[in-house]
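Accompanying notes for the structure given below.
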Amino acid sequence: MNRKEFIKTSVLAISGFYFLQSNLFQAAERRTNTIKEIVEAPIIIIGSGYGGAVSALRLCEAGKKVVLLEMGLNWEKAGIPFSNLLKPGKSSAWLKKKTIAPFMNIFSLTPFTGTLDRLDFDNINIWVGRGVGGGSLVNGGMAVTPKEDYFKEVFPNLDAERFYNHYFPLVREELKVNVIDEQFLKDCPYYKFTRVGEEEAHKAGFKTMRVPNVYDFKYMEKEFRNEVPRSALNTEVIYGNNHGKNSLDKTYLKKAMDTGNLEILDLHKVDHIKLNDDKSYTLNAQQIDTSGNVITDKVFHCKKLILSAGTMGTLQLLLRSNAVNNLPIHEKIGKNWGNNGNFMTGRNWVKPLSGGTGSKQSTIPVGGIDNWDDKEHPFFTEIAPLPMGMDVATALYLLINRVDKKGEVAYDKATQMLKLNWDESNTVNMRQNAKYFVRKMNKANGGTRSHFLFNNGFGADICYHPLGGCVLGEATNEFGKLRDHDHLYVLDGSLIPGTIGVNPFVTITAIAEYCIENLIKQNEFA
Ligand code: FAE
């Protein structure tokens, strides 16, 4: 066997995957025990959240071989259980020494590649999911279809009828969206917070709505009867759910794996991308261990590249690659960014004499207050759980508002980090709505603005829904192909221009379905 054959055989053995043609060599300049490995693959997807999972499934179904690179851990394969809110552990944070939940970060941690990460900017903190399944591992599972009028306003060039008749029903089916049984909701002590929230909203003159979810409510009923291990009823959610939740690893990604055409490489973080003269791409990545140490420097080479690293991840990759090695980027990249109008608030002293909002709370939200049609104060809010293991007589709300003033994302070469042009002026309408809402609720029901949870009662800096910066039809063509590129695509939350009026993953999934269907039809991956 000559050196070339040896190299090829070693990598095929390592990857165990027949369609990777790879080269492995010991880097001459051995850097802290790392070796450099070069991997060839026809199509690479970066990121295994909603956009990445949809792209992987549809390409694999079309007979394409796909390699998916995910910086987070494959939890199912690793066999490590997720932690719950009251006993944070390995899954609780991405390589941090302390917990990073929105409140009560009193727990110390040994750094581990956990599921939840927080990106801190000057005036806003953004939470994201890490791991195979992306945000679906840590989110509350609220599967909300946007209001048709608002969808049309946000995406005037899309065929709304096709979305409401085809893509939205399709993704609800694929994501296994279901609705809680009303009788269970009425009887279950773990949903007192929702019943109180709805009663109080009605008393204050607000309209409420039932919110669908990907958590299997039949499973939850069995949890309640102690027939199966508990998850939502055992404070599991933002650090992962061990049971019950249909996260992407159980839906789209599982189906894609079953085709035999997908290989997922977890703990692989892409640092930057280069456009080659022949219009192919070279990716510089690092394989890490669960403590964050670099095991191997890797170079991937592909003809077609899909960026699905989530809004902030995709922007980081594009802007950093532009700064590091002149990856061409269109002038619209980074523009039209928004927090989906996220604005948290809460109320203390909620029904303190009648058991408050309940000492036991399910982690899965099922109630919402819909004030979207109010011209002066349009908002939607989730009646959110606050499972703290005791009754804190506190109601928590995540408001979703319009984004009147968009932000902008750029790259700071000196710090090598993203910069976000976003301050109080971007959240003026959100604060006004939150004030109006809390005042009206307190007037009708008693209670105070929640100083207990937030400075001055408002969490303007809490963002779970970063959107935009790579907007469909602006930075990309009508199907997510980046302008100025022939083989580079973006399929994730960054395609949505900063706002969608409800929790976004149903829309992200539907847009991804629409884009990949059309890209495949146009023979982009032939
Ligand atoms: P996302 O799901 O973020 O996936 C991106 C993936 O790319 C992640 O797994 C990253 O680890 C990976 N990645 C990033 N950079 C790299 C890199 N350089 N190399 C390799 N891999 C990389 O993207 N939305 C709802 O609709 N309903 C909810 O109830 C809800 N609750 C939420 C609760 C929390 C605590 C959080 C944080 C979010 C919540 N969201 C909710 C938002 C939702 O999860 C989010 O919009 C989607 O997950 C975004 O999907 P993407 O496909 O854009």
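Among the listed pairs K64/K304; K405/K481; K176/K245; K77/K245; K64/K254; K332/K375, which are separated by more than 19 Å between their Cα atoms? In this structure, K405/K481; K332/K375 exceed 19 Å between Cα atoms.
Close amide H partners of K98, meaning residues 5 or more places away or on another chain with modelled amide H under 5 Å apart, are L109. With all protein chains kept in place, the per residue accessible area of segment 337-490 amounts to 39 square angstrom at a probe of 1.4 angstrom.
For the chain, give the percent of accessible area contributed by carbon and sulfur heavy atoms, probe 1.4 Å, rounded to a whole number. Here carbon and sulfur together make up 50 percent of the probe-accessible area. Normalising the Debye intensity of the chain to I(0), with uniform scatterers on Cα atoms only, and taking log10 at q = 0.09, 0.13 Å⁻¹ returns -0.62, -1.31. The modelled label-to-label distance between R439 and N326, using points 7 Å beyond Cα along the C-beta direction, is 5.7 nm.
Can you tell me how much longer the chain between R225 and I38 gets when fully stretched, taken as 0.36 nm per residue apart minus their C-alpha distance, in nm with one decimal?
Values: separation 187, 0.36 × 187 = 67.32 nm, distance 5.24 nm.
Once the chain is fully extended between R225 and I38, it gains 62.1 nm.
Remark: for residue pairs K207/K435; K298/K419; K96/K360, the C-alpha separation exceeds 22 Å in K298/K419; K96/K360. Placing dummy labels 7 Å off each Cα toward the beta-carbon, the span from Q183 to K375 is 4.5 nm. Helical content of the chain, expressed as a calculated mean residue ellipticity at 222 nm, amounts to -7000 deg cm²/dmol (DSSP H runs of 4 or more residues, -39,500 (n - 2.57) each, divided by residue number, nearest 500). Projecting the Cα atoms of P387, T345, S280 onto the charge dipole of segment 278-419 (Cβ charges, centred on the Cα centre) puts S280 farthest toward the positive pole. Projecting the Cα atoms of N429, H465, A232 onto the charge dipole of segment 3-521 (Cβ charges, centred on the Cα centre) puts A232 farthest toward the positive pole.
Using only alpha carbon pairs under 8 Å that are at least six residues apart, calculate the relative contact order of the chain and give it in whole percent. Could you put the intermediate results ahead of the total?
Values: 1283 pairs, mean separation 105.3, N = 526.
About 20 percent, as a whole number.
Beyond 24 Å in Cα-Cα separation lie the following of the pairs K98/K250; K192/K222; K203/K406; K90/K351; K269/K303: K98/K250; K203/K406; K90/K351.
The values are calculated or read from the model by the stated rules, or taken from the named source; none is laboratory data. Worth saying up front: this structure is predicted, and the values here are computed from it rather than measured. Virtual Cβ from ideal backbone geometry, glycine too; neighbours counted across all protein chains shown. Keep in mind that these areas ignore ligands, DNA and RNA; they rest on the heavy atoms of the full protein, side chains included. Shrake-Rupley method; radii C 1.70, N 1.55, O 1.52, S 1.80 Å.
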